[in-house]
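Below: one structure, written as structure tokens.
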Amino acid sequence: MPRTLITGGAGFLGSHLCDRFIEEGHEVICMDNLITGDTANIEHLFELGQDRFRFIEYDVTDYIHVNGELDYVLHFASPAAPDDYLRLPIQTLKVGALGTHKALGLAKAKDARLLLASTSEVYGDPQVHPQPEDYWGNVNPIGQRGVYDEAKRFAEALAMAYNRYHGVETRIVRIFNTYGPRMRIDDGRALPTFMSQALRGDPLTVYGDGSQTRAFCYVDDLVEGIYRLLMSEEGRPVNIGNPDEITIQEFAEEIIEVTGSDSPITHEELPEDDPEVRQPDISRAKEILDWEPTVDRREGLRRTLDYFRKNVDVKVSSET
Ligand code: UDP
């Protein structure tokens, strides 16, 4: 039975990966320090995975010790929402740099294959559109978002160095905006913010004039792409995301429609270094992994709405 460590396994993406690897018959060790993760995301796995699922509350910026063999290490620990990395700048830098170093050291010691969760943020505010993997990016190293972007750029460089110098098998996924159940409703990202505002009847806060674009991928599609990449022989970074690009203004309008809300839209100041456009070029994933997204945004939003209905209601009722 393959043994897999997933750092950040109690987070949004990490927990969906835990589900997938349990389904695939792996023994899964989930590690998380819970600063942005939540054990509610993995509770069901204690029963479903039975003795194949284990949770360890741990900060992976410290030396990681795991008993026994490991086949795969998926390094997903990191704050990933802009509000979170503005609130936790040092932790974000540390987990991208020191955490990646520890995860790679563990993979080397166990002769395991490591998959690094990288990000479209390595492209910064891109001057090439859509973004192919061979675009080097346009990142402000000292801006507020720089803590995440530069940590992930360093993490990619470190993974490549461990691959070239130590022969560790590494995979790098560049994850574009992803959404679905288990996003933290108050993580400040566009989708959780808009959906909870729409469900509560509050105004949707579009930053700037809303002409900036993003392309949103449903979480199940993302997990499939990551699984295929891990099992492939591709050592270069691979973009995984949905190329269906939309302006944030249109996205807010779409959420109002899907939720059936009569909330208005208000405009607030655009955050520093907010990328103007973003869309993955997924030619490499298509060609090498035979992967492309299958869930369109309307369908994905409907599936996500069920989760938000449950969780936003809970919050509203506990506040009153
Ligand atoms: N955004 C917004 N209102 C919000 C939250 C986000 O208009 O309440 C915008 C944000 O400025 C960005 C886009 O939505 O242009 C996507 O933001 P998110 O935080 O989801 O992720 P990003 O792609 O910037 O990492």
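The values are calculated or read from the model by the stated rules, or taken from the named source; none is laboratory data. Worth saying up front: this structure is predicted, and the values here are computed from it rather than measured. Every residue, glycine among them, receives a Cβ derived from its backbone with ideal geometry; neighbour counts consider all protein chains shown.
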Practice problem: For the stretch 146-154, state whether one or more residues are of a type in the set (Ser, Thr, Tyr), in contact with an Asp or Glu (Cβ under 7 Å, 6 or more places away or on another chain) and either more than 22 Å from Ser263 (Cβ to Cβ) or within 14 Å of the ligand (Cβ to nearest atom) (or both). | Solution: yes
Practice problem: Quick one: which strands (runs of 3 or more DSSP E) lie wholly within the stretch 221-320 and hold at least 2 residues that are touching a helix residue (DSSP H, G or I) at 6+ places or on another chain (Cβ under 6 Å)? | Solution: 238-240
Quiz item: So Gly137 clears everything in (1) crowded, with 18+ Cβ neighbours inside 10 Å; (2) in contact with a helix residue (DSSP H, G or I) (Cβ under 7 Å, 6 or more places away or on another chain); (3) of a type in the set (Gly, Ala, Ser) except one condition, right? Which one?
Solution: (1)
Quiz item: In the set Arg171, Arg200, Arg214, which member is of a type outside the set (Gly, Ala, Ser), more than 10 Å from the ligand (Cβ to nearest atom) and buried (at least 17 other Cβ atoms within 10 Å of the Cβ)?
Solution: Arg171
Quiz prompt | When residues of the stretch 84-118 are limited to those that are under 14 Å from the mean Cα position of the chain (by Cα) and within 16 Å of the ligand (Cβ to nearest atom), the one farthest from Glu150 (Cα to Cα) | solution = Asp84
Practice problem: Filter the stretch 30-45 for residues that are charged (D, E, K, R) and buried (at least 22 other Cβ atoms within 10 Å of the Cβ) and give the result. | Solution: Asp32
Exercise. Scan the stretch 30-59 for residues that are at pLDDT 95 or above, in contact with a Phe, Trp or Tyr (Cβ under 8 Å, 6 or more places away or on another chain) and over 13 Å from Gly14 (Cα atoms) and report the count.
Key: 1
Practice problem: All but one of (1) free of Cβ contacts under 8 Å to residues at least 40 places away in the same chain; (2) surrounded by 18 or more Cβ atoms within 10 Å (Cβ to Cβ) hold for Tyr165, so report the exception by its number. | Solution: (2)
Exercise. Exactly one condition in (1) touching a Leu at 6+ places or on another chain (Cβ under 6 Å); (2) more than 30 Å from Gly143 (Cβ to Cβ); (3) within 16 Å of the ligand (Cβ to nearest atom) is not met by Gly208; state its number.
Key: (2)
Exercise. Among what's in the stretch 219-239 and is touching an Asp or Glu at 6+ places or on another chain (Cβ under 8 Å) and surrounded by 22 or more Cβ atoms within 10 Å (Cβ to Cβ), pick the residue that is farthest from Asp296 (Cα to Cα).
Key: Val238
Quiz prompt | Pairs with Cβ under 6 Å, 6+ apart, first in the stretch 75-93 and among the hydroxyl-bearing types (Ser, Thr, Tyr) and at pLDDT below 95, second crowded, with 17+ Cβ neighbours inside 10 Å and in a loop (DSSP other than H, G, I, E, B) | solution = Tyr85/Pro79
Quiz item: Going by the structure shown, is Val122 surrounded by 23 or more Cβ atoms within 10 Å (Cβ to Cβ), within 16 Å of the ligand (Cβ to nearest atom) and aliphatic (A, V, I, L, M)?
Solution: yes
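Residue by residue, here is whether (1) among the polar types (S, T, N, Q); (2) closer than 30 Å to Gly143 by Cα; (3) surrounded by 14 or more Cβ atoms within 10 Å (Cβ to Cβ); (4) in contact with a His (Cβ under 8 Å, 6 or more places away or on another chain) holds:
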| residue | (1), (2), (3), (4) |
| --- | --- |
| Glu254 | no, no, yes, no |
| Ser263 | yes, no, yes, no |
| Glu268 | no, yes, no, no |
| Glu272 | no, yes, no, no |
| Trp291 | no, no, yes, no |
| Glu299 | no, no, no, no |
| Thr304 | yes, no, yes, no |
Quiz item: So, of the residues in the stretch 1-29 that are in a strand (DSSP E or B) and more than 15 Å from the chain's Cα centre (by Cα), which turns out to be surrounded by the most Cβ atoms within 10 Å (Cβ to Cβ)?
Solution: Leu5
